[in-house]
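Visitor: Just passing along the structure, written as structure tokens.
All of the numbers you see were taken from the coordinates with simple rules; none came from a lab. Only a predicted model underlies this, so the values are computations on that prediction, with no experimental measurement involved. Backbone-built Cβ (ideal geometry, glycine too); neighbour counts: all protein chains shown.
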Amino acid sequence: MAERLIQSIERAADVLELFLTSTPELSIKEMSDRLNLSKSTVHGIIKTLEHRGYLQQNPDDLKYRLGIRLLELGNYVGKHLDIGRIARPIIRELVDDLNETVHLVTLQRNELIYIEKVEGPSALTIYSHIGKRAPFHCTGVGKAILSQLSEEETDRILSSANLEAFTEFTTTNIEDIKKLLPTIREQGYAVDDEEIELGLKCIAAPIFNHQGNVIASISCAAPKVRLDEKRLPKVINGIKKAAAEISKGLGYLG
């Protein structure tokens with residue numbers, strides 16, 4: 001049995017959604033024309049939404065724009081979205097597709113924390129585990145996140161970090177690390193090529209929240225011999241697509 005929808009609420013939602021594709025401000029007539037509703041019907045909807053704070057009127061031209069109440073609700077939704085719940089099915093699908101281990105880390109008070117790890121069928125015993133902190137300077141997930149931060153934030157994080165050399169390929173000079181970030185930002189992914197563990201290569205991409213801020217990163221980790229030039233494009237595309245899907249689930253519109 002089909003559920004009964006309430007027409008007045010449907011129309012109120014239509015009014016609000018006009019602002020997603022229109023100019024920031026609309027008159028009653030403009031809304032009436034675009035929704036093919038009478039001005040009296042639209043007027044009643046608008047006045048109710050204005051009373052509740054979902055719309056506000058510009059006193060200069062008497063047009064309406066979205067109200068602060070929507071921002072409050074949006075921020076509440078954003079804060080309470082569970083990134084693990086959103087990411088989990090996407091990660092499992094990616095592991096099934098790539099047959100490699102996939103990690104999810106979150107940025108928490110200038111620290112990276114592994115919160116998800118799903119191993120592929122031929123996984124190595126590698127550095128990471130859920131709850132462990134990840135270094136910024138020599139992991140794909142760390143560099144992917146750094147590439148989306150301001151120079152001030154990057155300097156603060158790297159200057160306070162222990163830039164340990166895990167392998168002979170680890171970069172420990174702050175300026176050298178910073179030189180990598182524009183390219184990472186432009187291409188949308190970062191690489192860890194035996195920088196934290198010999199024989200291990202990782203591809204990572206950043207994840208954004210509803211405010212457009214980087215809050216996490218996802219990576220695929222595999223033996224370097226399995227990530228050759230022929231297979232690498234598939235892994236890169238898979239990681240970038242998964243990161244975009246998780247970001248979208250968190251309300252990111254970019």
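Visitor: Below 8 Å, C-alpha to C-alpha, sequence gap of six or more: please give me the relative contact order for the chain in percent. List each step's numbers first, then the result.
Guide: Details: 394 pairs, mean separation 39.4, N = 254.
Once divided by the residue count of the chain, the mean separation gives 16 percent.
Visitor: Also, quick follow-up: Skipping prolines and chain starts, which residues have an amide H placed within reach, meaning under 5 Å, of the one on S27, given they are 5 or more residues away or on another chain?
Guide: Y64
Visitor: If the label point is 7 Å along Cα→Cβ of D193, which residues in the range 143-174 have backbone nitrogen under 15 Å from it?
Guide: So the set is 168-171.
Visitor: Further, regarding this structure: Can you work out ³J(HN,Hα) from phi for every residue in the range 150-161, in order, using Karplus 6.51 cos²θ - 1.76 cosθ + 1.60 and θ = phi - 60°, giving whole Hz and x for Gly and Pro?
Guide: For the range 150-161, the Karplus-derived couplings read 5, 4, 5, 5, 4, 4, 5, 5, 5, 6, 9, 8 Hz, x marking Gly and Pro.
Visitor: Here is a follow-up. Output the relative contact order of the range 129-219, whole-number percent, from Cα pairs under 8 angstrom with separation of 6+ residues.
Guide: Rounded, it is 34 percent for the range 129-219.
Visitor: Let me know the longest stretch in the chain that avoids all trypsin sites (Lys or Arg not before Pro) found in a DSSP loop with at most 14 other C-beta atoms within 10 Å.
Guide: 5-108
Visitor: Through the Karplus equation 6.51 cos²θ - 1.76 cosθ + 1.60, θ set to phi - 60°, convert the phi angles of the range 37-51 into ³J(HN,Hα) values in whole Hz; use x for Gly and Pro.
Guide: Computed from phi, the couplings for the range 37-51 are 10, 5, 4, 5, 5, 4, 4, x, 5, 4, 5, 5, 5, 5, 4 Hz.
Visitor: Amide H neighbours of T101 under 5 Å, counting only residues 5+ apart in sequence or on other chains, H built in-plane at 1.01 Å?
Guide: G120, A221
Visitor: Let me ask something additional. Given a cut-off of 21 Å, name the pairs among K179/K230; K143/K178; K201/K240; K132/K179; K143/K224; K132/K240 whose C-alpha atoms lie farther apart than that in the structure shown. Could you put the intermediate results ahead of the total?
Guide: Values: K179/K230 27 Å; K143/K178 9 Å; K201/K240 16 Å; K132/K179 27 Å; K143/K224 18 Å; K132/K240 23 Å.
As for pairs spanning more than 21 Å Cα to Cα, those are K179/K230; K132/K179; K132/K240.
Visitor: Give the long-range amide H neighbours of L112: residues separated by 5 or more places, or on another chain, with amide H under 5 Å away, using H modelled in the peptide plane at 1.01 Å from N.
Guide: Placed amide hydrogens put A134 under 5 Å from L112.
Visitor: So what are the ³J(HN,Hα) numbers for the range 99-107, from phi and the Karplus equation (6.51, -1.76, 1.60; θ = phi - 60°), rounded to whole Hz, Gly and Pro as x?
Guide: Per residue, the Karplus-derived 3J(HN,Hα) values read 6, 9, 6, 10, 10, 10, 10, 10, 8 Hz.
Visitor: So if I place +1 on the C-beta of Lys and Arg and -1 on the C-beta of Asp and Glu, and nothing else carries charge, what would the dipole magnitude of the chain be about its Cα centre? I want it in debye, nearest 20. Intermediate results must be reported in sequence, preceding the final value.
Guide: On the way: 32 positive and 36 negative charges, 162 e Å.
Rounded to the nearest 20 debye, it is 780 debye.
Visitor: Along the Cα→Cβ direction, 7 angstrom out, place labels at R65 and D96. What is the inter-label distance in nm?
Guide: 4.6 nm
Visitor: Where the centre of each part is set by its Cα atoms, how far does the range 130-199 sit from the range 1-70, in angstrom?
Guide: Distance between centres, Cα-based: 47 Å.
Visitor: For the range 159-254, run through the GluC sites (Glu not before Pro) and keep only the ones in DSSP coil with at most 16 other Cβ atoms within 10 Å of their Cβ. Before the final figure, lay out the partial values.
Guide: Details: sites: E164, E168, E175, E186, E194, E195, E197, E229, E245; in loops: E164, E168, E194, E195, E197, E229.
In loop regions of the range 159-254 (DSSP not H, G, I, E or B), the sparsely surrounded GluC sites (Glu not before Pro) are E164, E168, E229.
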